[in-house]
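Q: Okay, here's the structure, questions in a sec.
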Amino acid sequence: MNKPKVQFPLKPAGREELINYIEQKKLKDIDWKKGRAFCLVYHPGEERAKLIKEIYNMYFSDNALNPTATPSLAELEAETVSMCADLFNGDENVRGNITTGGTESILMAVKTARDWAKKHKPHITKPNVVLPMSAHPAFMKAFHYFNVDYIPVDLGSDYRANPAAMKAAINKDTIMIVGSAPSYPHGLTDPIPEIAAIAKEKNIFCHVDACIGGFMLPFVKKLGYKICDFDFSVDGVTSISADIHKYGYSSKGSSVVLYKNADIRKFQFSLYTKWNGGVYGSPTMTGTRPGGSIAGAWAALKAIGMEGYMEMAKVTMDVTNKIKAAIESIPELELIGHPDMSILAFKSAKVDVFKLADELNKNGWHFERQQLPPSLHFTINYIHRLAADEFINDLKAAVDAAKKFSLESLATGLQVKAVKGLSKILPSGTIAKLQKGGDAPVKKENTAAMYGMMGALSGTDDLEEIVLDFLDKINSVR
Ligand SMILES: *Cc1c(COP(=O)(O)O)cnc(C)c1O
């Protein structure tokens, strides 16, 4: 029997050793501090971050699980929820909680809708949720976990949710419909007023996923941009998710889920009254609730405030407009729809966008590759004021380089077809095997063929197996 590759440490390690080890490891990671990552990280500037961190650290060890032990955290959480309710035009009846992230907020909203329906619509035995194709996979995770069916509805030609089609998809077992403000893939806000009106007419819940836009759209709107109403000002909206750890610029591990009133939120709570350990009640998914995340969320809203968020939103939108104009000036690229805020995606009929992505990766840029249609995705935030010009230059150069590969992309197309046939017979196909370059699970360059292949296999069992293998590999010691 071979021992695991990394063994349990016998002696405590010294500070220097640990810090060095981490610093070395971190060299592999994206360099977001210079604005080279157009995803995952949101940074409000050193000064603000320092204050938020300080308050986070004040609760480093604290657990918000038992509010009688840490009433201060219960108060900070309630204040945070109230500040968010205010931002989202709710009234004093709005209730909510801080969660560890958008996914947990969405899990909670789906679970709450399911359990509310169980009580109020007992004739529904197999509840379903109607949502646009662009809705975040956190919903599918929730449906899977909570045994709820779902009906994904094609987007309109503008890549936004299509309310008429969503209405037609609703059946007697539908408990909720969903709209995004905006959608993650394309940064396009769904027509929430129309979606909420349908929910009201059909007497079902309407969840607005403002995970990415919650702490951007209100400020962008105030700056004078045209943004459709998406919050509690819209009649029919019953719940909202919004991530403070995205454009709220707080420490990671904080989001809010809000409900129109206390009667709805009650169905979110988990309760067990027969335990030897006493009556156990818990508001969200997790048991122990990290105090730092709650304090950090509160601190971000307080330390940045409307003025700070407006300032960051203005800078972010100026940078976005610059990058947008650059994309529009490049004849090979086409923006997907008309993005509402600082998230954009472009596609191309003339160059292989995955080839283009490989070129950009070579210069250290990090962003996301998307499918259906193949496109590249950029989340622009405050930090990109430091990098926009350099990015635009590199983008232009990368398009030129990708153009040279148009012949090669024909070969990619053939390769995709070959892989598609091959994957049916692969014993336990790993993504690594499908890449040139051997064993590394993610190689930054030369991934165009792999992404082309993934696009071709989208939604198939073959792709699922390949991705499961990949997840196993990347979650193991290498
Ligand atoms: C990020 C995001 C989520 C999921 O949030 P996590 O914090 O990653 O769990 C859900 N919906 C949208 C629109 C998002 O952008």
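Q: For the pairs Lys53/Lys221; Lys26/Lys141; Lys222/Lys347; Lys119/Lys221; Lys111/Lys167, flag any whose C-alpha to C-alpha distance is greater than 27 Å. Walk me through the intermediate numbers first.
A: Values: Lys53/Lys221 29 Å; Lys26/Lys141 30 Å; Lys222/Lys347 30 Å; Lys119/Lys221 38 Å; Lys111/Lys167 22 Å.
Pairs exceeding 27 Å: Lys53/Lys221; Lys26/Lys141; Lys222/Lys347; Lys119/Lys221.
Q: Sticking with this structure for a sec: What ranking do 23-30, 305-312 get when scored by the average of other Cβ atoms within 10 Å per residue, highest first? Display every interim value, and only then the final one.
A: Details: 23-30: 9.6, 305-312: 16.2.
Final packing ranking: 305-312, 23-30.
Q: Then there is this: Using a simple spin-label model with points 7 Å from Cα along the Cα→Cβ vector, what separation in nm is obtained for Ser157 and Asp86?
A: 4.5 nm
Q: As a footprinting exposure proxy, order His123, His207 by other Cβ within 10 Å, with the fewest listed first.
A: Working: His123 7, His207 30.
Exposure proxy ranking, most exposed first: His123, His207.
Q: Next question, about the same structure. Among 275-281, 211-217, 84-90, how do they line up from the highest to the lowest mean number of other beta-carbon atoms within 10 Å?
A: Numbers: 275-281: 9.0, 211-217: 27.7, 84-90: 21.0.
The most tightly packed comes first, giving 211-217, 84-90, 275-281.
Q: Residues with amide H under 5 Å of Ile330's amide H, sequence separation 5 or more or different chain, H placed in the peptide plane at 1.01 Å from N; which?
A: Distant-sequence amide H within range of Ile330: zero hits.
Q: Measure off 7 Å from each Cα along the Cα-to-Cβ vector at Phe8 and Leu223, then give the distance between these two points in nanometres to one decimal.
A: With each label placed 7 Å out from Cα toward Cβ, I get 5.2 nm.
Q: According to the Cα gyration tensor, what semi-axes, each the square root of 5 times an eigenvalue, does the equivalent ellipsoid of the chain have, listed from largest to smallest in whole Å?
A: 35, 28, 26
Q: Which residue, Ile124, Ile192, His207, has the largest displacement toward the positive end of the dipole of the chain when charges sit on each Cβ (Lys, Arg +1; Asp, Glu -1)?
A: Farthest towards the positive pole: Ile124.
Q: Now a separate question. Explain nothing, just the number: dipole magnitude of the chain about its Cα centre with +1 on each Lys and Arg Cβ and -1 on each Asp and Glu Cβ, in debye rounded to the nearest 20.
A: Rounded to the nearest 20 debye, it is 1040 debye.
Q: Give the dimensionless ratio obtained when the Cα radius of gyration of segment 276-373 is divided by 2.2 N^0.38 Å. Spell out each step's value before the answer.
A: Details: Rg = 21.0 Å, N = 98, 2.2 N^0.38 = 12.6 Å.
After normalising by residue count via 2.2 N^0.38 Å, the value is 1.67.
Q: Let me ask another. Report the net charge of residues surrounding Arg289, where surrounding means a beta-carbon distance below 12 angstrom and charges are Lys +1, Arg +1, Asp -1, Glu -1. Walk me through the intermediate numbers first.
A: On the way: positive: none; negative: Asp62, Glu77, Glu104.
Within the 12 Å Cβ shell, the charges total -3.
Q: Starting at the first residue of segment 265-279, write each ³J(HN,Hα) from the Karplus equation 6.51 cos²θ - 1.76 cosθ + 1.60 with θ = phi - 60°, in whole Hz, x for Gly and Pro.
A: In residue order, the calculated couplings are 4, 3, 6, 7, 5, 10, 9, 9, 9, 10, 6, 4, x, x, 6 Hz.
Q: May I ask for the net charge around Ile383, where only other residues with Cβ less than 10 Å from the Cβ of Ile383 are counted and Lys, Arg are +1 while Asp, Glu are -1?
A: Values: positive: Lys33, Lys34, Arg36, Arg385; negative: none.
My count for the surroundings of Ile383 gives +4.
Q: Would you mind listing how long segment 55-301 runs along its three principal axes, going by Cα atoms, in whole Å with the largest first?
A: Result, largest extent first: 51, 47, 29 Å.
Q: Here is a further query. If I take R0 = 25 Å and measure r between the Cβ atoms of Lys119 and Ala164 in this structure, what FRET efficiency does the formula 1/(1 + (r/R0)^6) give, to the nearest 0.05? Each step should come with its number before you reach the end.
A: Working: r = 31 Å, r/R0 = 1.23.
The pair Lys119/Ala164 has a calculated efficiency of 0.25.
Q: Something else now. Rg and Dmax of segment 216-318, Cα atoms, in Å?
A: Both quantities, over Cα of segment 216-318: 17.3, 58 Å.
Rule-based calculations on the coordinates, nothing more; no lab input. Keep in mind it's a predicted model, so treat the numbers as computed, not measured. Cβ sites come from the backbone with ideal geometry, for glycine too, and all protein chains shown count toward neighbours.
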